[in-house]
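To keep things clear, I will list the structure first and then write my remarks on it.
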């Protein structure tokens with residue numbers, strides 16, 4: 001907004017970060033755009049921010065307000081950027097505050113009914129369109145909830161789209177089909193093959209301004225391309241996990257609180273060595289994968305553990321990855337974004353689950369999930385609408401007590417209660433899978449030549465950032481099947497492609 005009378009420019013970003021806004025300043029001029037590539041075309045320097053790069057290898061994405069380039073900043077969601085009298089100021093205009101006590105006296109039944117009313121209204125609002133609409137349907141709770149609300153409000157037959165894999169532990173097509181049949185949607189499934197990874201990764205660099213190591217960008221691009229053949233707007237279930245306690249990391253935080261009470265010599269002398277000996281599994285979220293992830297982060301405060309469990313490189317791994325000269329240039333704690341958001345805070349009444357959900361809203365959702373969905377859908381000229389991220393629903397969810405969200409080790413307890421009888425029971429009773437691809441087995445088998453070519457010693461050495469011997473070690477361990485290093489290898493692969501495309 002340009003205020004002619006005051007000669008003041010006001011830029012604003014939406015409350016939850018559904019859409020991006022980047023900017024840089026040069027010669028007392030402000031440049032801003034939704035894409036970093038536009039700023040690069042305007043002459044923005046391409047010097048990489050080493051702290052941002054360090055954060056990328058911790059989180060798998062770069063948290064705002066940093067960007068991969070020193071000169072470029074991202075405007076935080078819920079903030080204004082004001083330019084007046086030659087001064088630049090950022091100002092927060094919205095945030096979510098957690099107050100579980102506010103709704104403590106509300107019954108489960110009343111809470112569930114209020115969630116239903118608000119989610120149904122959010123979906124109804126997002127159905128207002130002059131063009132055909134569809135739904136991304138994984139067969140999980142959140143996308144099934146959106147499909148259920150849409151089936152009540154839509155006048156015609158719903159178009160639904162799903163992605164699956166031949167690897168059984170990663171495949172949700174049967175679940176999605178069950179939901180599609182229940183609501184009698186016009187359903188389109190698609191099976192992703194490993195060959196498409198090799199084909200698409202170079203292509204996707206055109207749409208990713210920064211390295212993003214969330215491998216589900218690939219199926220997100222594919223399902224967007226699939227849906228765009230039939231519709232121009234699609235609804236998605238993003239946000240449900242953050243609002244209603246859906247992530248396994250929230251359960252892990254409960255276990256870790258007890259684990260930290262075990263004597264240290266047992267944790268480090270017995271448990272950790274025993275877990276390290278577990279054989280690698282090809283299955284998604286296997287016991288071995290979870291156990292190794294758990295012990296790597298359980299010693300830390302829960303807010304940091306949450307992101308070690310989510311992320312790629314734990315602190316000890318990064319010590320071995322980065323070249324000593326590059327490591328010496330790093331100053332800031334890579335988990336500084338966690339402390340930053342806690343400082344501005346979810347509110348004094350927030351408990352552990354509230355704090356973790358708040359951080360996932362501010363970091364994982366905004367800087368990973370929404371970036372992935374926005375870039376991949378826009379690459380296919382498809383608009384995505386997210387009913388769970390209606391800010392009034394987000395504010396209401398923050399008033400719900402944690403015991404209604406995570407009941408023992410039952411996640412999304414209150415959301416499941418609301419959906420019982422409205423979606424197939426199988427949706428509510430089956431174990432959560434999540435939207436991921438079988439990278440571990442693919443990188444070991446079908447994509448091995450691709451992987452070793454991208455991560456060749458010569459290719460890595462030209463940056464002066466990495467210890468090539470460490471990378472060759474984890475490659476050999478992954479190929480041998482003694483370890484599943486997909487979360488260590490994939491960020492390196494993405495960085496190599498991004499650097500070649502953007503920096504050259």
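The values are calculated or read from the model by the stated rules, or taken from the named source; none is laboratory data. Keep in mind that this is a model prediction, so the values were computed, not measured. Here the Cβ positions follow ideal geometry from the backbone for every residue, glycine too, while neighbour counts run over all protein chains shown.
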Inset, instruction - Kindly establish whether residue 121 is in contact with a strand residue (DSSP E or B) (Cβ under 9 Å, 6 or more places away or on another chain) and either within 28 Å of residue 357 (Cα to Cα) or buried (at least 20 other Cβ atoms within 10 Å of the Cβ) (or both). - result: no
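Please verify whether region 22-29 includes one or more residues that are assigned by TED's automatic domain parsing to the domain that holds residue 205 and in contact (Cβ under 8 Å) with a residue 60 or more places away in the chain.
The first filter runs over region 22-29 and keeps only residues assigned by TED's automatic domain parsing to the domain that holds residue 205, leaving 22-29.
Narrowing further to those that are in contact (Cβ under 8 Å) with a residue 60 or more places away in the chain: 22, 25.
There is at least one residue in region 22-29 that is assigned by TED's automatic domain parsing to the domain that holds residue 205 and in contact (Cβ under 8 Å) with a residue 60 or more places away in the chain.
Look through 264, 228 and report the one residue that is crowded, with 16+ Cβ neighbours inside 10 Å, more than 23 Å from residue 363 (Cβ to Cβ) and out of contact with any helix residue (DSSP H, G or I) (no Cβ under 6 Å at 6 or more places or on another chain).
Details: 264 fails: crowded, with 16+ Cβ neighbours inside 10 Å.
Unique residue meeting the criteria: 228.
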Inset, instruction - Select from region 42-85 the residues that are in a helix (DSSP H, G or I) and closer than 20 Å to residue 370 by Cβ and write down the one among them that is nearest to the chain's Cα centre (by Cα). - result: 59
Inset, instruction - Could you figure out which of (1) at pLDDT 90 or above; (2) on the phi > 0 side of the Ramachandran plot isn't true of residue 285? - result: (1)
Legend entry - Residue match in region 93-116 (condition: closer than 30 Å to residue 187 by Cβ, free of Cβ contacts under 8 Å to residues at least 40 places away in the same chain and either in contact with a helix residue (DSSP H, G or I) (Cβ under 8 Å, 6 or more places away or on another chain) or not in a helix (DSSP H, G or I) (or both)): no
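Just to check your reading of the model, which residue among 459, 440 is part of a helix (DSSP H, G or I), more than 27 Å from residue 249 (Cβ to Cβ) and at pLDDT below 95?
459 is the lone residue from the list that is part of a helix (DSSP H, G or I), more than 27 Å from residue 249 (Cβ to Cβ) and at pLDDT below 95.
Regarding region 127-135, can at least one residue be identified that is more than 20 Å from residue 381 (Cβ to Cβ) and at pLDDT below 95?
No, region 127-135 has no match at all.
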Legend entry - Residues of region 371-398 satisfying the condition of being part of a loop (DSSP other than H, G, I, E, B) and closer than 13 Å to residue 121 by Cα: 386, 390
Inset, instruction - Tell me which residues, restricted to region 421-437, are assigned to a loop (DSSP other than H, G, I, E, B), in contact (Cβ under 8 Å) with a residue 24 or more places away in the chain and on the phi < 0 side of the Ramachandran plot. - result: 422, 424, 430, 432, 433, 435, 436, 437
Inset, instruction - Look through region 25-41, keep the residues that are assigned to a strand (DSSP E or B) and over 25 Å from the mean Cα position of the chain (by Cα), and return whichever of them is surrounded by the most Cβ atoms within 10 Å (Cβ to Cβ). - result: 31
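Per-residue answers, yes or no, for (1) under 27 Å from residue 284 (Cβ atoms); (2) surrounded by fewer than 21 Cβ atoms within 10 Å (Cβ to Cβ); (3) within 24 Å of the chain's Cα centre (by Cα):
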site: 435; (1), (2), (3): yes, no, yes
site: 439; (1), (2), (3): yes, no, yes
site: 446; (1), (2), (3): yes, yes, no
site: 453; (1), (2), (3): yes, yes, no
site: 459; (1), (2), (3): no, yes, no
site: 463; (1), (2), (3): no, yes, no
site: 474; (1), (2), (3): yes, yes, no
site: 478; (1), (2), (3): yes, no, no
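Under the condition of being part of a helix (DSSP H, G or I) and in contact (Cβ under 8 Å) with a residue 40 or more places away in the chain, which residue from region 399-413 is nearest to the chain's Cα centre (by Cα)? I'd like the intermediate steps shown before the answer.
Filtering region 399-413 for residues part of a helix (DSSP H, G or I) gives 402-405, 413.
Checking which are in contact (Cβ under 8 Å) with a residue 40 or more places away in the chain leaves us with 402, 404-405, 413.
Numbers: 402: 22, 404: 24, 405: 20, 413: 22 Å.
So, considering only residues that are part of a helix (DSSP H, G or I) and in contact (Cβ under 8 Å) with a residue 40 or more places away in the chain, the one nearest to the chain's Cα centre (by Cα) is 405.
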